[in-house]
Amino acid sequence: MEIGIDSFAMNLLDNGTDAPIDGATAIGQLLDRIERADQVGLDVFGLGEHHRAEYLDSAPAVILAAAAARTKRIRLTSAVTVLSAADPVRVFQQFATLDLISRGRAEMVVGRGSSIEAFPLFGFDLNDYDELFAEKLGLLLQVRDQENVRWQGQFRPALTGQGVYPRPMQAQLPIWLGVGGTPESFVRAGTLGLPLMVAIIGGDTHRFRPLVDLYREAGRRAGFAPEQLPVGLHSLGYVAETTRQAVEESFPGYAHTFSKRARERGGPPVTRAQFDAQLGPLGALLIGNPEEVAAKIRRHSEALGGIARVTFQMDIAAVGHEKLLAAIELLGTRVAPLLRDAR
């Protein structure tokens, strides 16, 4: 099992308040964390894509390219690229360039996007939400597999045999499909034979098993072998020396972030009871000491029929740079060794 980290490049890292640190400082600290993840042997580091004031990840390929120059082995990926509001040709060019800079360590996780601010920003209609993604995913896969592309669609000018450059170092640039809870998305990933990254940030993880089974069955029907259909798990998490420490350090930032989102949507603030409910054996949060977190990941893997990769989203904890570095150290030196041979 591969172990990694996903980040939204938040500049709110001061224990759950609204006082952001300087953007240049925040980016520098993020690069330090990616470098530390590489040093302690983690497998992958992913950057999301948002277009909001509290996040600095609107251009993930740029940050990942800077990280490539400071790392040696860790794989570098988006998490996720909001493909519906992007040009697939430019996205491919950016990540093919990243692949060259990193000497074959680039990946993409693409999705429709749970945050919708990119759609009006780039002039797209939310009513075309799924149609945009389906068309652009098809073009991205064609560009990946063909140097000269002939293609015609509804939302982008046609390609009539133009070459798309540069080409990546890897023979085939890995593209994962990031999904939430929509059955059609799971089926789409299986039908295309794409690796699946499931974002589970609340509720009980086992409830996603029927959707994962849909993915695997769609892949089987499309002629793909089980080993061609890996499943990854993206969850909110935080690791400290003791479970009490992990819980008490992470709750203020968690409550602040999700209460703010709830207010934007007219909902009530997050309570401690709601947070604690997610800490149980079946809950989605991967928060605790290294041994407990590893055991919980093993239970999640069993519940989902086996996972190949798990990535921690730790920014939400808003615990500060030094504590995040310590958590990364624990992930690499104590959690990952317990899971390397897990199936």
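Can you work out the accessible area per residue across the chain, with the rest of the protein chains kept in place, probe 1.4 Å, in square angstrom?
Numbers: 14240 Å² over 343 residues.
On a per-residue basis, 42 Å².
Heavy-atom accessible area for THR271, with the other protein chains in place and a 1.4 Å probe, reaches approximately 60 Å². I'd like the antiparallel share, as a percent to the nearest 5, of DSSP beta bridges with both residues in the range 75-193. Counting DSSP beta bridges with both partners in the range 75-193, the antiparallel share is about 35 percent. Surface composition of the chain: carbon and sulfur atoms hold 53% of the protein heavy-atom accessible area at a 1.4 Å probe.
Dipole magnitude for the chain: about 700 debye, using +1 per Lys or Arg Cβ and -1 per Asp or Glu Cβ, origin at the Cα centre. Simple point charges give the picture: +1 on the Cβ of Lys and Arg, -1 on the Cβ of Asp and Glu, and for the range 98-140 a dipole about the Cα centre of about 340 debye.
Ranking of SER114, SER84 by solvent-accessible surface, largest first: SER114, SER84 (1.4 Å probe, protein heavy atoms only, all chains present). For the range 176-306, the antiparallel share of DSSP beta bridges with both residues in that region comes to about 10%. Cα centroids of the range 231-265 and the range 116-143: 30 Å apart.
What fraction of the DSSP beta bridges in the chain is antiparallel, stated in percent and rounded to the nearest 5? Don't jump to the answer; show the numbers that get you there.
Working: 6 of 41 bridges.
Bridges in the chain that DSSP calls antiparallel: roughly 15 percent.
In a simple Cβ point-charge model (Lys, Arg +1; Asp, Glu -1; nothing else charged), the range 172-312 has a dipole of about 380 debye relative to its Cα centre. Determine, from the Cβ-Cβ distance of SER114 and ARG340 and an R0 of 30 Å, the FRET efficiency 1/(1 + (r/R0)^6), rounded to the nearest 0.05. The formula returns an efficiency of 0.45 here.
The values are calculated or read from the model by the stated rules, or taken from the named source; none is laboratory data. Because the structure is a prediction, the values reported are computed rather than measured. Neighbour counts run over all protein chains shown; Cβ positions are idealised from the backbone, glycine included. Accessible surface areas use protein heavy atoms only, side chains included; no ligands, DNA or RNA. Shrake-Rupley method; radii C 1.70, N 1.55, O 1.52, S 1.80 Å.
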